[in-house]
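Structure first, commentary second.
The values are calculated or read from the model by the stated rules, or taken from the named source; none is laboratory data. All figures in this text were calculated on a predicted structure; none of them were measured in a lab. Cβ placement follows ideal geometry from the backbone for every residue including glycine, while neighbour counts extend to all protein chains displayed.
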Amino acid sequence: MTTSAAEVRQAGRASLRDRLATIEQGTLVMGLTVVLLLVGVFTTRGFATFGNFRVVLMLSSALGIVSVGQSIVILGKGVDLSVAVVAALAAQGSVELFANRGFSEGEAVALVLAMGLGMGLFNGWLVAYAEVPALFATLGTMALFDGVVRVNLLPTHLYQLPPNSHIVRWMGQGHVLGIPAPIVLAGIVFIGAWLFIAYTSPGRLIRAMGDNPEAARLMGAPIRPLLVSTYVISAVLATIAGLVILGKDGGYSTIYGAGQDILFESITVAVIGGVSLSGGKGSIFGVFSGAALVAVIVNVLTLNNFGLLARNFTRGLVLIIAVAADAWLHPRDEETAKSEDL
Amino acid sequence: MRKLCAIAVAMALIILGGCSSGSDSNKNTAAGATKDQPASAGVPETVDLVSVRDLVHKTMAGKRIAFVPILYNGFALTETWGHELERTMNMLGAKFEVHDANFDTDKMVQIIDGLINEHVDALVLHNPDVGVLTEQIKRAHEKGIYVVVVNMIANQSGDMYIGADVPSAGRDIAARAVADCKAKNNNKVAIIDGFGPDAFSIGFLAGAEPVLKDAGFQVISKQEAQYDQAKANQIATTILQQNKDLCAILTNWDIPAVGIGNAIESAGLKGKVGVYNLDASKTWCDSLKAGKVTASAAYDVPGIGAGAAVAIQHLFELGIKAGTQRTVDYVPYEIVDQSNYSQYANACYSGA
């Protein structure tokens, strides 16, 4: 039997896609990040310095922390639209409690962590037990949390870190063995989340639940408590991210809608890194890759004096390319839509 | 006999015509005034202080004045204006109300449309960019509603604009930065502004950029931080990493200036890189005292609120038809720094 040249070419094309499809998206994205790093090295003055890489890591630490939480929720087939609000309320609430309400800084931080935990529990309860779709539940709580906390606790939209702050200041500006504390905290979160998802039963069950909730339930997985736990993790990590931003920037403003970008960016990072919005697919390494790619893009654009529109355009374009590439590499049909790795 | 009757009828008609035109002039003496406009053409040439006070109060009594800022609760800038307006309008017997758009431009447009449909007597608007309220201002004028625009000038003019002369303030703060940098033999600066198409950014750049260009200064970066302290901090952190020999960063508002000052301090460049901006709230003054920011063109924020209150009285007292005569009115500013900030009432306002 002879094979035509066209059939040989067709086979070659298919095998390239098949080869790429076997590579995890996070790895592909990390490869793209390395390429972009090389582009930056050769085109951008001041890019290839230790100081700049340190700045890139530091500025993306808080985003990375929020993205990990968001990704865990998405892995479980959900989404958390309240992360930006939780981060803002935590940061501003801590200052209000510490500077104006007579609490010590430790007490203020503990109280806002408890507040974040409570918000996560409420989100989880809404989705898991009240069975409100995650999109609508967290869209509602985004406004609910903001309204309730602002009316009762926060008289203003702008808070500056008090000069006598130690804990939050360390979270944003401190060092551990010479490494900036935000980078250390983000590193702990990434490593902890990777271990949790890859090597613990709850982590694996969250992925299973996201992949095929019915099968996971039949396996005996405690679906509802697992769902709640994903939202609690997301809210607590958003709280920590808010405190890191407060400590790093010396203040937290929600004037003119500031601080809302972190919601879109956390979802962008997750999707770029290969965490599927349909649940059950993705890895924490992918989230790290996505965060690294976004951070490098923003850094290269800023150093080359590209303005806000160019940065937003590029971020959106990268997201679309990532989603399109995922669809090309992993075409969906009835069978793959129902179960993948499981 | 017939002649006498005709003369009597004519006299009666003349007298009646004179009475009715006299009563019309009592209500609508101002040129272009309509039945919806108040019956006033300003105060008489000679006044009695009690009766003129009664005239003003009568003119303003019951008037519904709506203030629609882009944000109100917890925002010192607009709360300062709101409190000035509220005190004045309450004193005069007018009904003053604030509608907080909470940063949402769509919501702001809906609020204003609703107020126009309810036929409020006057709108005080703080618009987020130069074009977003064009249709609303036109509609308000068609319905005879006065429009006073505060601090962010719009392409579609209201009856009066009260605010800072942003291009001039931008020019003067840039000149201050140029002077300070020339003393250090350094001509490298960066600019971080707001959204881009907003009045403050456009005006600031129109004033500052020619000064920098004429002085031969190099603008190594120009970025938008959307008036966000965190974004300004991030941009400044990145720029400073690339340009450790930067002399100054110019920005068009005090809150991003605070973020930039924090970035400079974190980079270990406090005192070496100056921060120059417009506006000087208490938050900015705290940063100034800590040595993190350098100088500001501090404009009279409370004066804008007082000015808006005066503008409203002016419009109603004269009974000018809405949308027919327009003015732009500036409040003063001063360049303040550590040596003089406590001397000027414009600086360090807190929203009270």
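Data overview
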quantity: Residues of region B:337-352 satisfying the condition of being exposed (fewer than 13 other Cβ atoms within 10 Å of the Cβ) and in contact with a Phe, Trp or Tyr (Cβ under 6 Å, 6 or more places away or on another chain); calculated: none
quantity: Meets criteria (within 14 Å of chain B (Cβ to nearest Cβ) and either in a loop (DSSP other than H, G, I, E, B) or hydrophobic (A, V, I, L, M, F, W, C) (or both)) for A:Ala130; calculated: no
quantity: Sole exception among (1) within 14 Å of chain B (Cβ to nearest Cβ); (2) of a type in the set (A, V, I, L, M); (3) in contact (Cβ under 8 Å) with a residue 12 or more places away in the chain for A:Ala137, by number; calculated: (1)
quantity: Spans of helices (runs of 4 or more DSSP H) in region B:197-313 with at least 3 residues over 26 Å from B:Val148 (Cα atoms), in contact with a Gly (Cβ under 6 Å, 6 or more places away or on another chain) and within 11 Å of chain A (Cβ to nearest Cβ); calculated: B:229-242
quantity: Checklist (1) surrounded by fewer than 24 Cβ atoms within 10 Å (Cβ to Cβ); (2) over 22 Å from B:Tyr344 (Cα atoms); (3) within 28 Å of the chain's Cα centre (by Cα) applied to B:Ala225, failing item; calculated: (1)
quantity: Unmet criterion (only one of (1) surrounded by fewer than 23 Cβ atoms within 10 Å (Cβ to Cβ); (2) assigned to a loop (DSSP other than H, G, I, E, B); (3) more than 10 Å from chain B (Cβ to nearest Cβ)) for A:Gly280; calculated: (1)
quantity: Identity of the residue in region A:213-244, at pLDDT 95 or above and β-branched (Val, Ile, Thr), that ends up farthest from A:Ala87 (Cα to Cα); calculated: A:Val228
quantity: Checking A:Asp80 against (1) over 24 Å from A:Ala186 (Cα atoms); (2) of a type in the set (D, E, K, R); (3) crowded, with 19+ Cβ neighbours inside 10 Å, the condition it does not meet; calculated: (1)
quantity: Helices (runs of 4 or more DSSP H) contained entirely in region B:33-131, each with at least 3 residues that are at negative phi, among the aliphatic types (A, V, I, L, M) and without any contact (Cβ under 8 Å) to a residue 12 or more places away in the chain; calculated: B:49-60
quantity: Residues of region B:209-234 classified as aliphatic (A, V, I, L, M), closer than 17 Å to B:Gly196 by Cα and modelled with pLDDT under 95, total; calculated: 2
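Results for (1) modelled with pLDDT under 95; (2) among the charged types (D, E, K, R); (3) buried (at least 24 other Cβ atoms within 10 Å of the Cβ), shown as yes or no for each residue.
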residue	(1), (2), (3)
B:Gly268	yes, no, no
B:Tyr276	no, no, yes
B:Ala290	yes, no, no
B:Val293	no, no, yes
B:Asp300	yes, yes, no
B:Ala308	no, no, yes
B:Ile312	no, no, yes
B:Arg326	yes, yes, no
B:Ile335	no, no, no
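Table: residues versus (1) exposed (fewer than 15 other Cβ atoms within 10 Å of the Cβ); (2) of a type in the set (Val, Ile, Thr).
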position	(1), (2)
A:Gly174	no, no
A:Ala181	no, no
A:Val184	no, yes
A:Trp194	no, no
A:Ile197	no, yes
A:Thr200	yes, yes
A:Gly203	no, no
A:Asn212	no, no
A:Ala216	no, no
